[in-house]
Structure formats: structure tokens, C-alpha cells
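Report on one structure; see the data block that follows.
The values are calculated or read from the model by the stated rules, or taken from the named source; none is laboratory data. Treat the numbers as computed from the prediction; the structure is a model and nothing was measured. Here the Cβ is made from the backbone with ideal geometry for all residues, glycine too, and neighbour counts use every protein chain on show.
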Amino acid sequence: MIIRRPMLAAVVLLAGLLVQSIAARAQTYPTGPITFVVPFPPGGSIDAILRAMAPKLQERLGKPVLIENRGGGGGVIATTAVAKSPPDGHMVFAAASLFAANPSLFKSLPFDTLKDFQMVHLLFRSPLVLVVNPKLPVKSIPELIALLKQKPGAISYAHSGPGSSLHLNAQLLQAMTGTKMNGVSYRGAPPGLNDVIAGHVDLMFADTGTVVAQIAAGTVRALGVSSTTRVPVVPDTPTIDEAGVPGFDAVGWTMMCVPAATPRPIVDKLHTEMKTVAAMPDIQALMIKLGTIPVDSEPPPALQKFLASEIDRWGDIIQRAGVAKSQ
């Protein structure tokens, strides 16, 4: 026992020094610019909300807060970049619900979604709205289903890549109604919406906020929203569930996360600052204007459990939609 006591004392001393080091890093964090990595091109609701939050966070944290758009690869390119970044809180990933869908969409990934990331803050939930080109001869979900059954595979829909919420919503609709459409993939939702407006593609599921103006202008027609409750910015648009597809429920979300080894005090500081800024009236108003649903985020440990449940939920949706795993 006499021999082991110095070793034990050394271990305790090292542990104490490590705790002090972590605490010191949290107190001085951030030491440089913070980059929010968005896995989509500019123009969507995630991008717009984070750009509105950035200057407020910069003021509170005392360092530049930057937005970096890394689209493509079903979100895997951006996710991998953050997973392999230094775990110091200076690179933060804006994880959309695609983050939880990818484990069921890909046979293998260059990261482990649950083990390689630590959740920081749940920003908002994001129901989608199904819109069609006005020239498509349908004005309701039942009329659309009837047309799809009349012309299987002839009607086209735009989406922002395999496994995106836009893609999965369309796949789920087909699976639940026994219909078939032709999917057209785009590098992001905005170019897909442009082609729906131009009539090159017949319809798409779109971020509610990005299409509100087009709905009001009549350049697209809204048939239904993907949530089980109506969305305030399009109050006259029924839910797909109430409009004729009982049980349809596919609401996405955006959650900020960092590499798993990021010290907990840094994670907590990021969570606290994001929660404060997200609760500001102008940010809340912007979220609602963009068709998202603001969330009073739970603390990071609870969000880790939420992510695990969402991986299971989206896995079930993918299975019901019949979307096979890719490479």
C-alpha cells in the first residue's frame, strides 16, 4: 500500500490539473472566431436565422461569429468536417433532421452520429408545406392523390438531395398513399422552388418561410403542411393529416452540435448564449415569419437523448417510405 499511495496521489493531482485546465479553457472561450457550419447553400431558413443571430452572439462572446455553407453529399460533407475539427467549440454544426436520418440512409458513415457529437442547443422545429405549380390541375391533397394514381410516375417533385427532409416527406407521402412520383434532386431548396414556379417541376415540399411570399403571390399553390397542427404563417393551409392522409407527421428541426470531446463547460456556455439570443423578440419573430416553430431548448444532456429518439423516429419514416440505404 505504501508503494501505491504516491501513484494514487499523482493520479489525483493530474486529475485536478486536468479539471483546472478545462475550467480555464471555458473561462477564456472563445479565443478566436466561431464558425457555424450549415449543410445547405445560402437562402434557407437555417441560414437566415443563424445570420440574424450571429452579430448578437458576436457581441456577447466578444469574437467574430461566421456562417459557412457547405452543401452537398446529403449533409455528410459538412458533418464530417465538423466531426474531425478540434473539439474546442470554435466550429459548430447546424444539424438539420437529416443528421438523424443519415444513419438509416447510409450503410456506412465516416462518423458515428451519437458518439462523435455532443448536442448544444435545439434551435427550432420546421414543418414543411407541400406546394404545386398553379398550372397543375389540383387544389387539394385528395385531388393530387387522384392525379398521381391516374398518372403514376408522370408527376415530378423537387428535393434537396436524397435523405433531405424535402425528399423524405415526398417519399413518405408516396408510401402512405400508394402513389409514384419522379424525384428531381437539386443542390438546395431555392433552385428547386424556382423550377416549381417556372413549371419545370410540378411540386415540392418546401420550408414554409421561404415559400410564404410565393403562396401569397399565387406563383405556387399550397396544399398541406407536414405537421399535425397548422402553421401560423399559412393558417388557411390544412395539415396533410387532416386533408386526407391520416397519420402523416414529418416535422424537421435544427440543432447545434460540436465534436464529442468538446469540454462540457464550453458546451454549457455555448448553450446558454444561444438560448439567450434565440429568446430575443426579434429572433423569435423571424423564426415565426420563416415558418419555423421556436423551441425553448432543453440542456445538452437531454438533447443527446432527443437525438437518439429522433434517429429511431426517422429510421421508422425511412423504412415506411421504402428508401434503401446507399453506399
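Values as computed for the structure displayed
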quantity	calculated
Any chance Ala100 is surrounded by 19 or more Cβ atoms within 10 Å (Cβ to Cβ), within 30 Å of Gly199 (Cα to Cα) and at pLDDT below 95	no
Qualifying positions in the stretch 142-160 - under 30 Å from the mean Cα position of the chain (by Cα) and either of a type in the set (S, T, N, Q) or within 18 Å of Ile197 (Cβ to Cβ) (or both)	Leu144, Ile155, Ser156, Tyr157, Ala158, His159, Ser160
Criterion (aliphatic (A, V, I, L, M) and buried (at least 21 other Cβ atoms within 10 Å of the Cβ)) met by exactly one of Leu122, Leu147	Leu122
Residue tally, condition hydroxyl-bearing (Ser, Thr, Tyr), in contact with a Pro (Cβ under 8 Å, 6 or more places away or on another chain) and assigned to a strand (DSSP E or B), over the stretch 103-158	0
Among (1) within 21 Å of the chain's Cα centre (by Cα); (2) surrounded by fewer than 22 Cβ atoms within 10 Å (Cβ to Cβ), the one test that Ser227 misses	(2)
Yes/no for Ala94 being surrounded by 17 or more Cβ atoms within 10 Å (Cβ to Cβ), under 22 Å from Pro301 (Cα atoms) and either in the same structural domain as Leu57 (by TED's automatic domain parsing) or of a type in the set (Ser, Thr, Tyr) (or both)	yes
Matching residues in the stretch 234-267 - criterion: being in a loop (DSSP other than H, G, I, E, B), crowded, with 18+ Cβ neighbours inside 10 Å and out of contact with any Ser or Thr (no Cβ under 8 Å at 6 or more places or on another chain)	Thr237, Thr262, Pro263
Checklist (1) over 25 Å from Arg313 (Cα atoms); (2) in contact with a helix residue (DSSP H, G or I) (Cβ under 6 Å, 6 or more places away or on another chain); (3) of a type in the set (A, V, I, L, M, F, W, C) applied to Ala146, failing item	(2)
Qualifying residue in the stretch 78-96 (condition: part of a helix (DSSP H, G or I), without any contact (Cβ under 8 Å) to a residue 60 or more places away in the chain and within 15 Å of the chain's Cα centre (by Cα))	yes
Leading residue by the ranking (surrounded by the most Cβ atoms within 10 Å (Cβ to Cβ)) among those in the stretch 175-197 that are more than 22 Å from the chain's Cα centre (by Cα) and in contact (Cβ under 8 Å) with a residue 60 or more places away in the chain	Val196
Residue in the stretch 45-77 that is surrounded by the fewest Cβ atoms within 10 Å (Cβ to Cβ), counting only those that are among the β-branched types (Val, Ile, Thr) and part of a helix (DSSP H, G or I)	Ile77
Qualifying positions in the stretch 208-255 - more than 25 Å from Glu298 (Cα to Cα), in contact (Cβ under 8 Å) with a residue 60 or more places away in the chain and not hydrophobic (A, V, I, L, M, F, W, C)	Thr210, Gln214, Gly218, Thr219, Arg221, Gly224, Thr237, Pro238, Gly244, Gly247
